[in-house]
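One structure below.
The values are calculated or read from the model by the stated rules, or taken from the named source; none is laboratory data. Given the structure is predicted, the values throughout are model-derived calculations rather than measurements. Quick reminder, even Gly has a Cβ in these numbers, built from the backbone with ideal geometry, and neighbours come from all protein chains shown. Heavy atoms of the whole protein, side chains included, go into the accessibility calculation; ligands, DNA and RNA do not. Shrake-Rupley method; radii C 1.70, N 1.55, O 1.52, S 1.80 Å.
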Amino acid sequence: MSTRLSVVMIAKNAADLLPDCLASVAWADEIVILDSGSTDNTVDIARAAGAKVFTDTDWQGYGIQRQRAQGYATGDYVLMLDTDERITPELQQAIQAVLSSPQPGAVYSIARRNYFLGRFMRHSGWYPDRVMRLYERERYQYNDNLVHESLACDGAKVIPLTGDLLHLTCRDFASFQQKQLNYATAWAQERHQRGKKASLTGIFTHTLGAFLKTLLLRGGVLDGKQGWLLAVVNAQYTFNKYTELWALCRGYSEKT
(Lines give C-alpha, C1' and ligand atoms only; values in the text may rest on other atoms or scores of the structure.)
Protein backbone atom coordinates (compact mmCIF):
# COMPACT_ATOMS: atom_id res chain seq x y z
CA MET A 1 0.00 0.00 0.00
CA SER A 2 1.18 3.55 -0.74
CA THR A 3 2.11 5.94 2.05
CA ARG A 4 -0.77 8.34 2.71
CA LEU A 5 -0.27 12.00 3.57
CA SER A 6 -2.47 14.13 5.83
CA VAL A 7 -2.04 17.88 5.60
CA VAL A 8 -3.01 19.27 9.01
CA MET A 9 -3.80 22.90 9.84
CA ILE A 10 -5.24 24.95 12.67
CA ALA A 11 -7.22 28.01 11.61
CA LYS A 12 -9.26 30.98 12.72
CA ASN A 13 -10.63 33.73 10.47
CA ALA A 14 -8.31 32.81 7.61
CA ALA A 15 -10.75 33.23 4.70
CA ASP A 16 -8.41 35.54 2.79
CA LEU A 17 -5.43 33.19 3.10
CA LEU A 18 -6.96 29.74 2.93
CA PRO A 19 -7.79 29.34 -0.79
CA ASP A 20 -4.19 29.65 -2.01
CA CYS A 21 -2.92 27.48 0.83
CA LEU A 22 -5.43 24.73 0.04
CA ALA A 23 -4.70 24.92 -3.67
CA SER A 24 -1.01 24.29 -3.02
CA VAL A 25 -1.76 20.99 -1.21
CA ALA A 26 -4.73 19.77 -3.25
CA TRP A 27 -2.64 16.71 -4.21
CA ALA A 28 -2.53 15.38 -0.61
CA ASP A 29 -4.57 12.32 0.40
CA GLU A 30 -6.51 14.33 2.97
CA ILE A 31 -6.59 17.83 4.42
CA VAL A 32 -7.60 18.23 8.06
CA ILE A 33 -8.45 21.65 9.48
CA LEU A 34 -9.21 22.35 13.13
CA ASP A 35 -11.01 25.67 13.42
CA SER A 36 -10.99 27.55 16.72
CA GLY A 37 -14.11 29.62 16.20
CA SER A 38 -13.96 31.55 12.93
CA THR A 39 -16.56 34.26 12.36
CA ASP A 40 -15.81 34.61 8.65
CA ASN A 41 -16.31 31.94 5.97
CA THR A 42 -13.12 29.99 6.72
CA VAL A 43 -15.07 26.80 7.41
CA ASP A 44 -17.15 27.09 4.23
CA ILE A 45 -14.04 27.62 2.09
CA ALA A 46 -12.32 24.63 3.65
CA ARG A 47 -15.28 22.31 3.17
CA ALA A 48 -15.80 23.46 -0.41
CA ALA A 49 -12.19 22.49 -1.12
CA GLY A 50 -12.81 19.00 0.25
CA ALA A 51 -11.07 19.42 3.59
CA LYS A 52 -12.23 17.62 6.71
CA VAL A 53 -13.18 20.39 9.10
CA PHE A 54 -13.50 20.15 12.88
CA THR A 55 -14.06 22.80 15.56
CA ASP A 56 -12.56 23.24 19.01
CA THR A 57 -12.88 26.63 20.71
CA ASP A 58 -11.27 25.55 24.01
CA TRP A 59 -8.01 27.31 23.19
CA GLN A 60 -5.10 26.14 25.34
CA GLY A 61 -2.25 27.30 23.15
CA TYR A 62 -0.79 26.53 19.75
CA GLY A 63 0.95 23.31 20.78
CA ILE A 64 -2.12 21.62 22.21
CA GLN A 65 -4.31 22.82 19.35
CA ARG A 66 -1.91 21.23 16.87
CA GLN A 67 -2.02 18.00 18.87
CA ARG A 68 -5.81 18.02 18.69
CA ALA A 69 -5.76 18.69 14.97
CA GLN A 70 -3.34 15.82 14.37
CA GLY A 71 -5.70 13.56 16.30
CA TYR A 72 -8.21 13.82 13.44
CA ALA A 73 -5.69 12.81 10.78
CA THR A 74 -5.61 9.30 9.34
CA GLY A 75 -2.59 9.39 7.01
CA ASP A 76 0.71 7.64 7.61
CA TYR A 77 2.55 10.96 7.46
CA VAL A 78 1.56 14.45 8.60
CA LEU A 79 2.50 17.68 6.86
CA MET A 80 1.75 20.44 9.39
CA LEU A 81 0.99 23.79 7.75
CA ASP A 82 -0.23 27.26 8.65
CA THR A 83 -2.88 29.00 6.60
CA ASP A 84 -0.41 31.71 5.54
CA GLU A 85 1.96 29.15 4.00
CA ARG A 86 2.12 27.69 0.48
CA ILE A 87 3.89 24.63 -0.90
CA THR A 88 6.05 25.31 -3.97
CA PRO A 89 6.08 22.77 -6.84
CA GLU A 90 9.69 21.82 -6.05
CA LEU A 91 8.78 21.13 -2.43
CA GLN A 92 5.76 19.11 -3.53
CA GLN A 93 8.03 16.88 -5.61
CA ALA A 94 10.41 16.41 -2.67
CA ILE A 95 7.55 15.44 -0.34
CA GLN A 96 6.12 12.98 -2.85
CA ALA A 97 9.57 11.42 -3.22
CA VAL A 98 9.67 10.88 0.55
CA LEU A 99 6.23 9.26 0.50
CA SER A 100 7.32 6.86 -2.21
CA SER A 101 10.34 5.75 -0.16
CA PRO A 102 10.06 6.91 3.48
CA GLN A 103 12.77 6.36 6.08
CA PRO A 104 11.19 5.03 9.30
CA GLY A 105 11.77 7.30 12.28
CA ALA A 106 13.09 10.23 10.26
CA VAL A 107 11.57 13.71 10.28
CA TYR A 108 11.95 16.14 7.41
CA SER A 109 12.89 19.81 7.59
CA ILE A 110 11.64 22.43 5.15
CA ALA A 111 13.15 25.82 4.31
CA ARG A 112 10.74 28.74 4.67
CA ARG A 113 10.92 31.92 2.60
CA ASN A 114 9.37 34.56 4.85
CA TYR A 115 7.61 37.58 3.35
CA PHE A 116 8.08 40.93 5.09
CA LEU A 117 6.71 44.23 3.77
CA GLY A 118 6.96 43.48 0.07
CA ARG A 119 10.03 41.25 0.09
CA PHE A 120 10.82 37.58 0.62
CA MET A 121 13.74 37.85 3.02
CA ARG A 122 17.00 36.09 2.18
CA HIS A 123 18.90 36.90 5.38
CA SER A 124 18.02 38.43 8.80
CA GLY A 125 17.56 34.96 10.30
CA TRP A 126 14.45 34.55 8.16
CA TYR A 127 15.95 32.27 5.54
CA PRO A 128 16.31 29.36 5.22
CA ASP A 129 14.44 29.25 8.58
CA ARG A 130 14.17 25.46 8.49
CA VAL A 131 11.18 23.95 10.27
CA MET A 132 10.35 20.29 10.88
CA ARG A 133 6.91 19.75 9.41
CA LEU A 134 6.81 16.32 7.73
CA TYR A 135 6.77 13.31 10.03
CA GLU A 136 5.14 9.98 10.89
CA ARG A 137 1.73 10.55 12.45
CA GLU A 138 1.88 7.72 15.00
CA ARG A 139 5.45 8.44 16.11
CA TYR A 140 5.64 12.22 16.67
CA GLN A 141 3.51 15.19 17.70
CA TYR A 142 3.93 18.81 18.77
CA ASN A 143 4.87 19.86 22.30
CA ASP A 144 2.49 21.68 24.69
CA ASN A 145 3.95 25.19 24.30
CA LEU A 146 1.45 28.03 24.34
CA VAL A 147 3.43 29.76 21.58
CA HIS A 148 6.52 28.97 19.50
CA GLU A 149 5.52 25.34 19.60
CA SER A 150 7.70 22.74 17.91
CA LEU A 151 7.73 19.08 16.98
CA ALA A 152 8.76 16.81 19.85
CA CYS A 153 11.26 14.56 18.07
CA ASP A 154 14.44 14.51 20.16
CA GLY A 155 16.95 12.04 18.79
CA ALA A 156 15.24 11.64 15.43
CA LYS A 157 17.21 11.77 12.19
CA VAL A 158 16.42 15.07 10.47
CA ILE A 159 16.52 15.07 6.67
CA PRO A 160 16.38 18.42 4.81
CA LEU A 161 14.06 18.61 1.81
CA THR A 162 14.65 20.61 -1.35
CA GLY A 163 12.17 23.30 -2.29
CA ASP A 164 10.76 26.15 -0.22
CA LEU A 165 7.69 26.79 1.87
CA LEU A 166 6.40 30.28 1.13
CA HIS A 167 5.35 32.05 4.33
CA LEU A 168 3.32 35.25 4.07
CA THR A 169 4.54 36.41 7.44
CA CYS A 170 3.83 40.13 7.13
CA ARG A 171 1.51 41.40 4.41
CA ASP A 172 -0.17 43.95 6.66
CA PHE A 173 2.05 45.62 9.24
CA ALA A 174 -0.66 46.49 11.77
CA SER A 175 -1.98 42.92 11.83
CA PHE A 176 1.56 41.58 12.05
CA GLN A 177 2.29 43.82 15.02
CA GLN A 178 -0.84 42.68 16.82
CA LYS A 179 0.11 39.05 16.24
CA GLN A 180 3.62 39.74 17.56
CA LEU A 181 2.15 41.37 20.66
CA ASN A 182 -0.09 38.35 21.25
CA TYR A 183 2.93 36.05 20.91
CA ALA A 184 4.94 38.16 23.34
CA THR A 185 2.14 38.06 25.91
CA ALA A 186 1.74 34.29 25.61
CA TRP A 187 5.51 33.82 25.87
CA ALA A 188 5.65 35.90 29.05
CA GLN A 189 2.71 34.07 30.61
CA GLU A 190 4.27 30.70 29.90
CA ARG A 191 7.61 31.73 31.42
CA HIS A 192 5.88 33.28 34.41
CA GLN A 193 3.97 30.04 35.06
CA ARG A 194 7.32 28.23 35.06
CA GLY A 195 8.72 30.62 37.66
CA LYS A 196 10.99 32.58 35.33
CA LYS A 197 11.84 36.21 36.08
CA ALA A 198 13.08 39.27 34.21
CA SER A 199 15.14 42.24 35.39
CA LEU A 200 15.21 45.80 34.11
CA THR A 201 18.78 45.30 32.94
CA GLY A 202 17.80 42.08 31.22
CA ILE A 203 15.01 43.82 29.31
CA PHE A 204 17.41 46.25 27.67
CA THR A 205 20.30 43.86 27.08
CA HIS A 206 17.98 41.33 25.40
CA THR A 207 16.38 44.09 23.33
CA LEU A 208 19.69 45.49 22.11
CA GLY A 209 20.97 41.97 21.50
CA ALA A 210 17.97 41.14 19.30
CA PHE A 211 18.55 44.23 17.17
CA LEU A 212 22.26 43.58 16.65
CA LYS A 213 21.77 39.88 16.09
CA THR A 214 19.23 40.46 13.32
CA LEU A 215 21.07 43.31 11.63
CA LEU A 216 24.68 42.12 11.88
CA LEU A 217 25.06 38.48 12.90
CA ARG A 218 22.18 37.32 10.70
CA GLY A 219 22.97 39.65 7.83
CA GLY A 220 19.91 41.88 8.00
CA VAL A 221 21.84 44.67 6.29
CA LEU A 222 21.84 42.50 3.14
CA ASP A 223 18.02 42.60 3.05
CA GLY A 224 18.02 46.35 2.47
CA LYS A 225 15.40 48.57 4.06
CA GLN A 226 13.33 45.59 5.16
CA GLY A 227 16.37 44.20 6.97
CA TRP A 228 16.74 47.35 9.06
CA LEU A 229 13.02 47.45 9.79
CA LEU A 230 12.95 43.79 10.77
CA ALA A 231 15.84 44.36 13.17
CA VAL A 232 13.77 47.04 14.90
CA VAL A 233 10.67 44.82 14.89
CA ASN A 234 12.61 41.93 16.46
CA ALA A 235 14.00 44.27 19.09
CA GLN A 236 10.51 45.56 19.83
CA TYR A 237 9.14 42.02 20.10
CA THR A 238 11.93 41.10 22.51
CA PHE A 239 11.29 44.25 24.56
CA ASN A 240 7.58 43.37 24.79
CA LYS A 241 8.30 39.79 25.89
CA TYR A 242 10.65 40.66 28.71
CA THR A 243 8.76 43.74 29.87
CA GLU A 244 5.53 41.74 30.14
CA LEU A 245 7.38 39.05 32.11
CA TRP A 246 8.88 41.75 34.34
CA ALA A 247 5.40 43.20 34.94
CA LEU A 248 3.85 39.81 35.67
CA CYS A 249 6.52 38.99 38.22
CA ARG A 250 5.78 42.24 40.09
CA GLY A 251 2.00 42.13 39.86
CA TYR A 252 1.88 45.12 37.51
CA SER A 253 -0.02 43.21 34.83
CA GLU A 254 -3.55 41.86 35.01
CA LYS A 255 -2.59 38.77 32.95
CA THR A 256 -2.49 35.53 34.87
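Taking the Cα centre of the chain as origin, sum charge times position over the Cβ atoms of Lys and Arg (+1) and Asp and Glu (-1), and report the length of that vector in debye to the nearest 20.
Roughly 940 debye for the chain.
Determine how large the accessible area of Asp76 is when every protein chain is in place; take a 1.4 Å probe and give Å² rounded to the nearest 10.
Accessible surface of Asp76 is approximately 80 Å².
For the chain, what is the convex hull (Cα atoms) projected area averaged across all directions, in square nanometres?
Result: 14.3 nm².
Counting only protein heavy atoms and a 1.4 Å probe, tell me what percentage of the chain's accessible area is made up of carbon and sulfur.
51
Taking the Cα centre of the stretch 1-110 as origin and charging only Cβ (+1 Lys, Arg; -1 Asp, Glu), how large is the dipole, in debye to the nearest 20?
The dipole magnitude comes to about 280 debye.
Please list, in order along the stretch 225-234, the HN-Hα scalar couplings obtained from phi with the Karplus expression 6.51 cos²θ - 1.76 cosθ + 1.60 (θ = phi - 60°), rounded to whole Hz, x for Gly and Pro.
Along the stretch 225-234, the couplings run 4, 5, x, 5, 5, 5, 4, 5, 4, 5 Hz.
By a straight-distance test (C-alpha under 24 Å), which lysines pair with Lys213 as possible cross-link partners, with residues fewer than eight away in the same chain excluded?
Answer for Lys213, where 24 Å is the Cα cut-off: Lys179, Lys196, Lys197, Lys225, Lys241, listed by chain and number.
What per residue convex hull volume, in Å³, do the alpha-carbon atoms of the stretch 118-256 yield?
147
Return one number: the angle in degrees, 0 to 90 and rounded to the nearest 10, between the long axis of the Cα atoms of helix 173-193 and the longest principal axis of the Cα atoms of the chain.
Value to nearest ten degrees: 80.
If I take every Cα pair under 8 Å that is 6 or more residues apart in the chain, average their sequence separation and divide by the length, what percent do I get for the relative contact order?
That works out to 18 percent.
Report D for the stretch 49-179 in µm² per second (integer): Stokes-Einstein, Kirkwood Rh on Cα pairs, 4 °C, 1.567 mPa s.
81
³J(HN,Hα) across the stretch 93-108 via Karplus (A = 6.51, B = -1.76, C = 1.60, θ = phi - 60°), whole Hz, x for Gly/Pro?
Each residue of the stretch 93-108 in turn: 4, 5, 5, 5, 5, 4, 5, 7, 8, x, 9, x, x, 7, 10, 10 Hz.
Quick one: which residues, 5+ away or cross-chain, put their amide H under 5 Å from the amide H of Ser38? H built at 1.01 Å from N.
Amide H neighbours of Ser38: Asn13.
Output the relative contact order of the stretch 125-256, whole-number percent, from Cα pairs under 8 angstrom with separation of 6+ residues.
Relative CO of the stretch 125-256 lands at 25 percent.
Counting only C-alpha contacts under 8 Å and six or more residues apart, can you give the relative contact order of the stretch 93-133 as a whole percent?
In percent, rounded to a whole number, it is 40.
With the other protein chains left in place, how much accessible area per residue, in square angstrom, belongs to the chain at a 1.4 angstrom probe?
49
Which ³J(HN,Hα) values in Hz, rounded to whole numbers, follow from the phi angles of the stretch 211-223 under the Karplus curve 6.51 cos²θ - 1.76 cosθ + 1.60, where θ = phi - 60° and Gly and Pro get x?
5, 5, 5, 5, 6, 9, 5, 9, x, x, 4, 7, 9
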